[in-house]
1. Count, please, the residues in region 132-146 that happen to be at pLDDT below 95 and under 26 Å from GLY10 (Cβ atoms).
2. Of the residues ALA60, ALA46, ALA66, ALA97, which single one is open to solvent by 10 Å² or more (accessible area, probe 1.4 Å) and touching a helix residue (DSSP H, G or I) at 6+ places or on another chain (Cβ under 8 Å)?
3. Which numbered condition trips up LEU4, out of (1) assigned to a strand (DSSP E or B); (2) at positive phi?
4. Does region 185-207 contain any residue that is open to solvent by less than 30 Å² (accessible area, probe 1.4 Å), under 25 Å from SER112 (Cα atoms) and out of contact with any strand residue (DSSP E or B) (no Cβ under 7 Å at 6 or more places or on another chain)?
5. Quick one: in region 152-183, which of the residues that are in contact with a helix residue (DSSP H, G or I) (Cβ under 6 Å, 6 or more places away or on another chain) and among the small types (Gly, Ala, Ser) is nearest to ALA31 (Cα to Cα)?
6. Can you find a residue that is out of contact with any Pro (no Cβ under 9 Å at 6 or more places or on another chain) and open to solvent by less than 10 Å² (accessible area, probe 1.4 Å) anywhere in region 70-80?
7. Only one residue in ALA165, ALA210 is open to solvent by 20 Å² or more (accessible area, probe 1.4 Å), aliphatic (A, V, I, L, M) and either within 20 Å of THR12 (Cβ to Cβ) or touching a Pro at 6+ places or on another chain (Cβ under 7 Å) (or both), so which one is that?
8. Which condition number in (1) assigned to a loop (DSSP other than H, G, I, E, B); (2) closer than 30 Å to LEU102 by Cα is the one that GLY70 fails?
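The values are calculated or read from the model by the stated rules, or taken from the named source; none is laboratory data. Bear in mind that the values here come from a model prediction, so they are computed numbers and not experimental data. Using ideal geometry, Cβ is built from the backbone for each residue, glycine included, and neighbour counts are taken over all protein chains shown. Each accessible area value is taken on the protein alone, full model and side chains, heavy atoms only, with ligands, DNA and RNA left out. Shrake-Rupley method; radii C 1.70, N 1.55, O 1.52, S 1.80 Å.
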Amino acid sequence: MLTLVLTRHGLTDRSDPEQHLGQGIDVGLSAAGRAQAAALAGRIGAEHFDRIISSPLQRAMETAQAVARGRPVEPDRRLMEMDYGAWEGLTYDEIDARDAALRARWVADPASLACPSGESGADVAARALSFLADLLAWAADRPGQDPIVLAVAHSTLNRILLCVAVGIPVREYRRRFTQSQANLTVLRWPTGAPPEQARILTVNDASHAAPQGQAPWEPSPGA
């Protein structure tokens, strides 16, 4: 049995206004993002993890290191955010001003249509599937150990990984899932289960990082 604890990095200085922050702009956490990472660490930092794996992008690595508290963090490029290509760093309004028709088609089917000079949802799903398949193979080599793995990644990557893990069409990721900053999402695979047969234990629990006075189910602003 494999348990995957999945989270998203904290806020950055590029998070407000919300924009497509993918692979091309590699920024660290803002003060608010570091506080979110600390809140996550306060909740799960004392837990046992057999592995801690992160996207190599700064915002994810900083979040992982906050939780790891000195334990090794393994970078894995398959956990990097979607490559948004020409839309990197642009707000939704800026994209609509230059690519409104393409943007509308992409929103309708982000799985098959790639961002200009970037990736499609299907491209990201292939990375997520490879990551999950390797993780399950690693767990299968440890019978009876029931390993627990923490993975720190990004909003789109996580939502697509969830689609892959529970057999939902990838084109639905924007409509079906939310990933707030420093949330807890937990998936479990029974021994021998394939990547697409995960059990959902928790999705997008961000109560530990919710600002005072904000309902814990309301996401923080920003990408």
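1. Qualifying residue count for the region: 0.
2. Numbers: ALA60 fails: open to solvent by 10 Å² or more (accessible area, probe 1.4 Å); ALA46 fails: touching a helix residue (DSSP H, G or I) at 6+ places or on another chain (Cβ under 8 Å); ALA97 fails: touching a helix residue (DSSP H, G or I) at 6+ places or on another chain (Cβ under 8 Å).
After applying the criteria, what remains is ALA66.
3. Unmet for LEU4, out of (1) assigned to a strand (DSSP E or B); (2) at positive phi: (2).
4. yes
5. ALA182
6. Step one: filter region 70-80 for residues out of contact with any Pro (no Cβ under 9 Å at 6 or more places or on another chain), giving 70-74, 78.
This time we only want the ones that are open to solvent by less than 10 Å² (accessible area, probe 1.4 Å), so: none.
No, that holds for no residue.
7. Working: ALA165 fails: open to solvent by 20 Å² or more (accessible area, probe 1.4 Å).
That would be ALA210, the only listed residue that is open to solvent by 20 Å² or more (accessible area, probe 1.4 Å), aliphatic (A, V, I, L, M) and either within 20 Å of THR12 (Cβ to Cβ) or touching a Pro at 6+ places or on another chain (Cβ under 7 Å) (or both).
8. (2)
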